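The values are calculated or read from the model by the stated rules, or taken from the named source; none is laboratory data. Note that this is a predicted model, so its numbers are computed, not measured. Cβ coordinates were reconstructed from backbone atoms using ideal geometry, including for glycine residues, and neighbour counts include every protein chain displayed.
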Amino acid sequence: MSETSGTSQAPAPQGTRPSTPRSIRPREAGDYPLEEFIESRGFRPEIQGLRAFAVLLVVLYHVWFGRVSGGVDVFLFISAFLLSLSFMRKINEGKPLKLFNYWLHVFQRLLPVATVVIASTTIASFFVLAPSRWSQMMQDATSSLFYYQNWNLAFSSVDYYAQNAAAKSPFQHFWSLSIQGQIFIIWPLLFAAVAYFVHRYRGNLFTTAVFVFNTVFVASLTFSIVETNSNQGFAYFDTRTRLWEFAIGTLLAMLTLKWKAPERARVVMGWIGIVGLVTCGAILPVERAFPGYLALWPVFSGALVIMAGSTNSRWGVDRLLSSAPLQSLGNISYALYLVHWPILILYSTAVGTSRVNFIEGAVIILVSIGLAWLLIRYVEKPLRYRKDPFVPWLMMKMRFKTVFSVKTWADQVAFLLAIFLVAGGPLLIAQAWLTSQNTESTRNAELQVQTVNDNYPGARAIGGAQQGLIDNPIPTGGDVKAQYESLSDTCTGAFAPSDAALASYCSLQKSGSDDAPLTMVVGNSHAEQALSAFKPIAEQTKTNLQAYLLGGCQYPTSAVTATHECSEFNSKLTEEILKRKPQTVVLVATAAQARSNEEKIDPALDETVRRLTEAGIQVIGLRDNPRFEFNIYECGQKAGSDKSSCARPASEKYAAENPAKEVFDKYRNQGAVMVDLKDVYCPDGTCSSVIGNIYVYLDDNHVSKTYGRTMAQTVFQRAAEGGWLVGGRVNL
């Protein structure tokens, strides 16, 4: 009996079990095709033009305006649209998806050009970038080759110190290609799940596909909005926050297979989409607000252009997109995206500018287009359309006596493995070597400053003959983040904060018993610098040192000027200090400015010092170190023996009077101590990159721990002269 028959079945004999219903019959070859599609096959020049237009916007905004355009979102969206059209047709016609062959085809097309750019950029970077950036550069190159650069950048973006330690990477743009590569793995698997359900359980193709990809869209967009609001730096590079953009591409592909807007409407839609794309980067803060709901702007703009399609109208935007210049640019769009960014970054670094002018930008764009054409002409096309299989060709080049061929898929696998081996092997070896060298460099720098050293006196040489000594100064390079001082232990037991929310900000170094005097260093990364001077003091005085630190959050900071996290941190920290009552609290009392000699104090400073000193707590206020508009550490590394070009007059970096002095003088008799280290950072009125054969800074505004440790004696003496008692106001 057929499954659709309406005839009732005779009841089963008494005492027997009813027969089990038959399982759903899988579809057979005769059941296909499942649907009628209106979307025609073949090349669509307007999409090729849209891809070129999006990449051109990316390049122009990067080079001339120093902004992010939103064009990358369209680039990603288009790739999902085209991929989805292909897989929907295969499922509809009952054809095998051949996922493994698809993956081999895609990466065989993408990897050669990307590998050449990665290798060339790596070599050029060794000549242009300062040695302190080599380690991070190698990490970026490796993660770009293996398609996880977005995660590498995501975890760096939430590291406050990584943001300050280096300028933009010449590999930073590979974040989007890494996400795209990951999607080229994930999306076919989702379509395979759709195909299985449709074939095995006779599910409706569109209903199943819409359910799967709409679920991805809703979940990813919701997550994207939440994470962008709470942690935008991480969200920008997070694959999960970008899935919805690809999902829209898939949903749009399904829509175009079944529906087409009226011709007049499509003309209007196309131009609205183009205007939206052009204005997105100018109006929206893309780099600071994406990929939350604001990213819907460029994605929907691109969707309107695709839905407009071929309008057959003289006024349609497809006439522009199908023009010869954009079609030619579309042919090299992938390579153009790859090369423009490293050229821009390496040139800007070489000439020492953060922004190029119009003429420089025009040259960079033209050179990028020329290099992109060469890459497509002499790298991609010869390899993509090669006639000879790779394995036999390689065996002949290596002069094997016996040459044999292998199956196509094996040949493609061998080709990809060869790329990873030839390019990835040296990158991994170089990265391991640099890591080893950096570790040795850091260890050597620490050993040199543990005691008075005539070769590396640092701040101890101020006023003496060796103050201007420059002879292979330390630290020589390595991971600049290693030059941030830290405390080795977590805050547990007797030192655990009363509010558990503060635990993640707390660290500890015990040099005495639990009841030994406690010095608490609080605030931002500039307070963290002070640990390098106070650690030796704590070790020699057998006292304990505790730190509560939040990068970018000065203590104290008034609620009006602070972020929510900073405001919460400061409020809870004040209560913790008053409960614990350490003998001493150390904070940075002023905030220097990179572009002027203005120094600021927070309105909450006076009230905070009053509250703490009235509670019997000594407060040491440090005057902030100079900040610079450029990376003074890299400048010093590149300058050779004459580093005067990196120096700046103290009058350009410090105000005539210390603005925090009045506050600390006011509470001096209650235990407030002001420590002004202006002459330690800028002896003889000059703020130099090297003092006493030690680099003072690790970037544009943070003092290296190597130099900081040579400041310990000066800090202790000046604090003691100001009335500081290590054991507290009551000498224990």
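So which of Arg399, Arg443, Arg377 ends up being without any contact (Cβ under 8 Å) to a residue 24 or more places away in the chain and at positive phi? Please lay out each step first, then the result.
Numbers: Arg443 fails: at positive phi; Arg377 fails: at positive phi.
Only one candidate passes the filter, namely Arg399.
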*Tally the residues that are under 24 Å from Asn693 (Cα atoms), assigned to a helix (DSSP H, G or I) and of a type in the set (Phe, Trp, Tyr), restricting the search to the stretch 622-670.*
1
*Collect the residues in the stretch 322-358 that are of a type in the set (Val, Ile, Thr) and at pLDDT below 95, keeping them in residue-number order.*
Ile345, Thr349, Val351, Thr353, Val356
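Would you confirm whether any residue within the stretch 207-215 is in a loop (DSSP other than H, G, I, E, B), crowded, with 21+ Cβ neighbours inside 10 Å and assigned by TED's automatic domain parsing to the domain that holds Phe81?
At the first step, the residues of the stretch 207-215 found to be in a loop (DSSP other than H, G, I, E, B) are none.
No.
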*asked:* If the requirement is being closer than 22 Å to Gln149 by Cα and assigned to a helix (DSSP H, G or I), which of these qualifies: Leu320, Leu294, Leu326, Leu338?
replied: Leu338
*Can you name the residue in the stretch 490-524 that is small (Gly, Ala, Ser) and touching a Cys at 6+ places or on another chain (Cβ under 9 Å) and is also nearest to Val449 (Cα to Cα) among such residues?*
Ser507
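Would you say Ser86 is farther than 16 Å from Ser322 by Cβ and free of Cβ contacts under 8 Å to residues at least 40 places away in the same chain? Show your work before the answer.
Numbers: farther than 16 Å from Ser322 by Cβ: yes; free of Cβ contacts under 8 Å to residues at least 40 places away in the same chain: yes.
Answer is yes for this residue.
Which residue is surrounded by the most Cβ atoms within 10 Å (Cβ to Cβ), if the candidates are limited to the stretch 568-592 and must be of a type in the set (Val, Ile, Thr) and outside any helix (DSSP H, G or I)?
The initial filter retains those residues of the stretch 568-592 that are of a type in the set (Val, Ile, Thr), namely 574, 577, 584-586, 588, 590.
Retained after the next criterion (residues that are outside any helix (DSSP H, G or I)): 584-586, 588, 590.
Working: Thr584: 26, Val585: 30, Val586: 28, Val588: 25, Thr590: 24.
Applying the filter and picking the extreme gives Val585.
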*Name, by its number, the condition in (1) in a helix (DSSP H, G or I); (2) assigned by TED's automatic domain parsing to the domain that holds Leu251; (3) among the hydroxyl-bearing types (Ser, Thr, Tyr) that does not hold for Tyr147.*
(1)
*How many residues does the stretch 465-503 hold that are farther than 30 Å from Met138 by Cβ and of a type in the set (S, T, N, Q)?*
5
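Against the definition (surrounded by 22 or more Cβ atoms within 10 Å (Cβ to Cβ) and aromatic (Phe, Trp, Tyr)), how does Trp151 come out, yes or no? Quick ask: steps written out before the conclusion?
Values: surrounded by 22 or more Cβ atoms within 10 Å (Cβ to Cβ): no; aromatic (Phe, Trp, Tyr): yes.
So Trp151 does not fit the description; no.
Output the residues belonging to the stretch 582-596 that are of a type outside the set (A, V, I, L, M) and in contact with a strand residue (DSSP E or B) (Cβ under 9 Å, 6 or more places away or on another chain). Explain how you work it out, then say what you get.
Looking only at the stretch 582-596, we keep the residues that are of a type outside the set (A, V, I, L, M), and these are 582-584, 590, 593, 595-596.
Matches in the stretch 582-596: Pro582, Gln583, Thr584, Thr590, Gln593.
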*Residues in the stretch 329-363 that are within 28 Å of Gln48 (Cα to Cα) and free of Cβ contacts under 8 Å to residues at least 40 places away in the same chain: how many?*
3
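Output the residue which, of all residues in the stretch 659-695 that are in contact with a Pro (Cβ under 9 Å, 6 or more places away or on another chain) and within 21 Å of Asp454 (Cβ to Cβ), is surrounded by the fewest Cβ atoms within 10 Å (Cβ to Cβ).
First, pick out the residues of the stretch 659-695 that are in contact with a Pro (Cβ under 9 Å, 6 or more places away or on another chain): 678, 681-682, 685-687, 689-695.
Going one step further and asking which of them are within 21 Å of Asp454 (Cβ to Cβ), we end up with 689-695.
Working: Ser689: 24, Val690: 27, Ile691: 28, Gly692: 26, Asn693: 22, Ile694: 27, Tyr695: 27.
In this case the residue turns out to be Asn693.
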*Kindly indicate the residue of the stretch 66-86 that is among the polar types (S, T, N, Q) and more than 15 Å from Ile248 (Cβ to Cβ) and also farthest from the chain's Cα centre (by Cα) among those meeting that condition.*
Ser86
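Any residue at all in the stretch 127-135 that is assigned to a helix (DSSP H, G or I) and of a type in the set (D, E, K, R)?
Quick first cut of the stretch 127-135, residues assigned to a helix (DSSP H, G or I) only: 127-128, 131-135.
Add one more test, that the residue is of a type in the set (D, E, K, R), and what stays is 133.
Yes, the stretch 127-135 contains at least one residue that is assigned to a helix (DSSP H, G or I) and of a type in the set (D, E, K, R).
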*Give just the number: which of (1) at pLDDT 95 or above; (2) in a loop (DSSP other than H, G, I, E, B); (3) not aliphatic (A, V, I, L, M) does Glu39 not satisfy?*
(1)
*asked:* Among the residues of the stretch 422-444, what is the count of those that are of a type outside the set (A, V, I, L, M, F, W, C), in contact with a helix residue (DSSP H, G or I) (Cβ under 9 Å, 6 or more places away or on another chain) and surrounded by fewer than 16 Cβ atoms within 10 Å (Cβ to Cβ)?
replied: 3
